[in-house]
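Worksheet for the structure shown next.
The values are calculated or read from the model by the stated rules, or taken from the named source; none is laboratory data. Since the structure is predicted, the reported quantities are computational estimates derived from the model, not experimental observations. Please note: Cβ atoms are built from the backbone with ideal geometry, for glycine as well, and neighbour counts cover all protein chains shown. Areas reflect the complete protein model, heavy atoms only, side chains present, ligands, DNA and RNA absent. Shrake-Rupley method; radii C 1.70, N 1.55, O 1.52, S 1.80 Å.
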Amino acid sequence: MADIVAFRGILYDPARAGSLDRLLAPPYDVISDAERAALAAKSPHNAVRLILPEGAGDEKYARAASDLRRWVDEGILRRDDRRALYRYHQRFASGGREVTRTGFICRIRLQRFEEGVVLPHERTLSGPKLDRLKLKRACRTHLSQVFGLYSDPARKIDAEFAALEKGPPELEGRTDDGVVHRMWRLTDPAAQQRVTEAMAGKKVYIADGHHRYETMLAIRDELRPEATSPRSSVEYGSIFLTGMEDPGLIVLPTHRVVHGLRGFDLQRFLDRAAVRFEVQELPPDGADALRGRLAESGRARPSFVLASGGHVFLLALRRGEESAVPGPAPLRKLDVPILHALILEEILGIDRGAQERQVNLRYVKDAPSALEQARLPEVQAVFLLNPTRVEQLREVADAGEVMPQKSTFFFPKLASGLVLNPIDPREEA
């Protein structure tokens, strides 16, 4: 099944590069132009300069490769002398309490989704994949990790890192979202082998980074002719793995904002929705109260909160109506496919192509912000969702199916720049 190995990563040397607080960045796909400028201003060596390089056209990829080589030559980045599994903690606030998500960074043998070892759960788009492929071609380095899940109810793999975690982290930094990132190196070959053997019987489910994984497959296929061994580093990608049972694994929903839709009439929409949903008007309470009502209803059946025209409604799916959702049984149980099939497509006429292009649809992670957008004149409707549960993700992936884009939001995001993974066809993984 999953084939993972320790490796010699490339990491910042704080003695030369400065504090990680000034060097780490979020994933490339959540950084706005203003945020990129702010990150770049923190340090001439901030990771954003590698993952989102500046320049016209394809010259930006050459700039990233040049910066990477220069930083290594100057000792800003150093390659470890020993192979390691990199233990990674993220400490953050959620629901008024402090939470720590734990996992480890390693290399994983790249296998296509149809091989049934590494499984996706969401659809992807072609545009981001081409951009990431050009960057990998230029840098020949995995600059960030895919986020993967595995099941280990007894948490035997986590136990291999327990002694390590008793000491202070070897690297620590805080990102602008308040998340503290901590890292240790597990360099004991015997412990590494036990982790490798424990993972060998497991499937890996992609939580975040579908585009990055597919790009890793593409660069593998391009560089295979240069490989000197079946275990060349080109056969392996860079991944962060955490157990599904980790108490710090938090999944949040991504809400939907419908805008620019011609001819929308709220009452006509409600009349059509009432065929498949029980519709109840709610008082226009704050986001917390509405999320509470939504969570309560969602424990019994798929439900949504609709905000439109100054009114708020609870939509709860009528018994048996899930059969109208196309696809196998796992998809018909999930809120996001139900919303997309029975409301966005069937009632509002926003087909899958329009959803992917975000012609009349945008995605908002924060419920208060989504409700604020309901007041905008160009917005027709806002739909608040409950989060997808990890066991639902697993059931869909095991069935060989995928959910609509942005069905899950694993919080927080991984830091970019923590551990870089070189791609060298002549190097044994």
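Against the chain, whose longest principal axis comes from its Cα atoms, helix 287-298 is set at around 80 degrees.
Based on the alpha-carbon gyration tensor of segment 147-208 and its eigenvalue square roots a ≥ b ≥ c, which shape applies: rounded if a/c is under 1.5, prolate if not and a/b is larger than b/c, or oblate? Oblate, because a/c is 1.5 or more while a/b does not exceed b/c.
When the Cα gyration tensor is reduced to axis lengths a ≥ b ≥ c, the ratio a/c is 1.5 or higher for segment 278-386, and with a/b not above b/c it is classed as oblate.
Accessible area per residue (1.4 Å probe, heavy atoms of protein chains only) ranks Arg301, Arg132 as Arg301, Arg132, with the largest value leading. Under the shape rule built on the C-alpha gyration tensor, where the axes satisfy a ≥ b ≥ c, segment 1-138 is rounded, since a/c falls short of 1.5.
Mean sequence separation of contacting Cα pairs (under 8 Å, at least six apart), scaled by the length of segment 292-340, corresponds to a relative contact order of 27 percent.
When the GluC sites (Glu not before Pro) in segment 281-381 are filtered for DSSP coil states and for at most 14 other beta-carbon atoms within 10 Å of their beta-carbon, the remaining sites are Glu378. Relative to one another, the C-alpha centroids of segment 233-300 and segment 1-58 are positioned 31 Å apart.
Straight-distance candidates among the lysines for linking to Lys413, with alpha-carbon spacing under 20 Å and chain neighbours fewer than 8 residues away dropped: Lys42, Lys129, Lys365. A simple charge model with +1 on the Cβ of Lys and Arg, -1 on the Cβ of Asp and Glu and nothing else charged puts the dipole of segment 65-156 at about 160 debye relative to its Cα centre. Highest average first, the peptides 160-169, 180-189 ordered by how many other beta carbon atoms sit within 10 Å of their residues are 180-189, 160-169. In the chain, Cα pairs under 8 Å separated by at least six residues give a relative contact order of 25 percent. What angle do you read, to the nearest 10 degrees and between 0 and 90, between the alpha-carbon axis of helix 59-73 and the longest principal axis of the chain? Tilt of helix 59-73: around 40 degrees.
In segment 1-111, the portion of solvent-accessible area held by carbon and sulfur atoms comes to 47 percent [1.4 Å probe, whole percent, DNA, RNA and ligands not counted].
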